[in-house]
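Each remark here refers to the structure printed beneath this line.
No value in this document is a laboratory result; all are computed from the given coordinates. In this text the structure is predicted, and so the values were computed from the model without any measurement.
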């Protein structure tokens, strides 16, 4: 019960606290997130385009 009350009180007071402190969303945060997502996608595609490392097994082992 104590944990529940603590979480509820903190959750209900967070909005008014943010408003009272005057914290506003960062307008550049969305652009930064998009930029990071594009960079991540590019790096993933570069990784996937690389040839696989040698396994030491002949290629006929992988033909089904």
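Quick notes on this structure:
- Calculated diffusion of the range 1-49, Stokes-Einstein form, Kirkwood radius summed over Cα pairs, 4 °C and 1.567 mPa s, µm²/s: 90
- Difference of contour (0.36 nm per residue) and Cα-Cα distance, residue 8 to residue 48: 9.8 nm
- Helix-only mean residue ellipticity at 222 nm for the chain, each DSSP H run of n ≥ 4 adding -39500 (n - 2.57), per residue, nearest 500: -22000 deg cm²/dmol
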